[in-house]
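Trainee: Got a structure here, written out as structure tokens. Questions coming.
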Amino acid sequence: MPIDADEFRRCLGSWPSGVTIVTSRCGDRIHGMTVSDFSGASLSPPLVTLCCNRDSITTGLIAEGKCFAVNILATDQQELSNRFASKKLEDVRFEGLECDTAETGAPLIPGAVVNMDCSLIATHDAGDHVIYIGRIEAAHIHERAPLVYYGGAYRTLSDEATD
Ligand SMILES: Cc1cc2nc3c(=O)[nH]c(=O)nc-3n(C[C@H](O)[C@H](O)[C@H](O)COP(=O)(O)O)c2cc1C
């Protein structure tokens with residue numbers, strides 16, 4: 001074993017990321033979860049990747065519905081991030097949220113910095129996770145500060161750009 005699980009978690013915790021809620025729909029079923037393993041993949045065509053735990057409900061729904069929305073969370077959406085990560089709150093995640101519906105059918109989280117509507121175009125196995133590649137069908141950008149996750153804690157950006 002080249003690295004133990006705790007050490008690997010510490011490595012990953014040293015990588016600052018944004019926080020997203022990824023939602024999906026299949027028929028009249030909607031679901032979503034908090035995801036930080038999100039990245040851009042290609043500019044032309046516009047593609048993104050997600051890394052999703054095989055056991056998550058959202059992962060299964062994306063495979064069935066062949067679509068997902070990536071909602072980049074704002075600094076004041078920490079409570080939503082915790083709610084969409086909590087198994088106990090699995091059935092009430094969308095409670096009180098007035099979500100618009102994207103073209104693909106995926107719910108769009110209000111108050112996010114960016115909402116991206118994606119069609120699933122490829123799936124790759126990655127150990128206990130699945131890598132999804134999505135093509136962006138539409139995006140909405142809002143002038144809000146993003147929530148940051150680093151070292152197992154939520155943060156906000158405090159530095160000015162250094163040019
Ligand atoms: C900050 C943060 C980031 C997370 N990032 C991911 C991720 O990238 N991929 C993933 O599969 N789970 C991630 N999770 C865990 C899921 O949100 C969590 O397991 C959720 O309960 C799965 O929900 P579901 O089974 O109802 O779909 C993250 C949790 C937190 C708090």
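The values are calculated or read from the model by the stated rules, or taken from the named source; none is laboratory data. Remember, it's a predicted structure, so these values are computed and weren't measured experimentally. Here the Cβ is made from the backbone with ideal geometry for all residues, glycine too, and neighbour counts use every protein chain on show. What goes into the accessible areas is simple: the full protein's heavy atoms, side chains included, and nothing from ligands, DNA or RNA. Shrake-Rupley method; radii C 1.70, N 1.55, O 1.52, S 1.80 Å.
Trainee: Say whether the condition of being away from the ligand (no atom under 13 Å from the Cβ) and more than 21 Å from Pro110 (Cβ to Cβ) is met by at least one residue in the range 73-83.
Mentor: No: the range 73-83 contains no residue that is away from the ligand (no atom under 13 Å from the Cβ) and more than 21 Å from Pro110 (Cβ to Cβ).
Trainee: Conditions: (1) of a type in the set (D, E, K, R); (2) open to solvent by 70 Å² or more (accessible area, probe 1.4 Å); (3) touching a residue at least 24 places away in the same chain (Cβ under 8 Å). Asp125 meets all but one. Number of the miss?
Mentor: Only one criterion is unmet by Asp125, namely (3).
Trainee: Quick test for you: out of Phe68, Phe94, pick the one residue that is at pLDDT 95 or above, under 21 Å from His140 (Cα atoms) and open to solvent by 30 Å² or more (accessible area, probe 1.4 Å).
Mentor: The conditions single out Phe94.
Trainee: Being in contact with a helix residue (DSSP H, G or I) (Cβ under 8 Å, 6 or more places away or on another chain), polar (S, T, N, Q), buried (at least 19 other Cβ atoms within 10 Å of the Cβ) and under 22 Å from Gly134 (Cβ atoms): is that true of Ser81 here?
Mentor: Against the criterion (in contact with a helix residue (DSSP H, G or I) (Cβ under 8 Å, 6 or more places away or on another chain), polar (S, T, N, Q), buried (at least 19 other Cβ atoms within 10 Å of the Cβ) and under 22 Å from Gly134 (Cβ atoms)), Ser81 does not qualify.
Trainee: I want to confirm something. Restricting to the range 141-160 and keeping residues that are closer than 25 Å to Leu43 by Cα and open to solvent by 90 Å² or more (accessible area, probe 1.4 Å), which single residue is farthest from the ligand (Cβ to nearest atom)?
Mentor: Out of the qualifying residues, it is Glu143.
Trainee: Right, here's the next one. I'd like the residue in the range 42-70 that is away from the ligand (no atom under 13 Å from the Cβ) and part of a strand (DSSP E or B) and, out of all such residues, is nearest to Val92 (Cα to Cα).
Mentor: Ala69
Trainee: If only one of Thr162, Thr123 is among the β-branched types (Val, Ile, Thr) and outside any strand (DSSP E or B), which one is it?
Mentor: None of the other options fit; the residue is Thr162.
Trainee: Tell me the residue from Thr23, Thr104, Thr34 that is buried (at least 17 other Cβ atoms within 10 Å of the Cβ), assigned to a loop (DSSP other than H, G, I, E, B) and modelled with pLDDT of 95 or more, please.
Mentor: Only one candidate passes the filter, namely Thr104.
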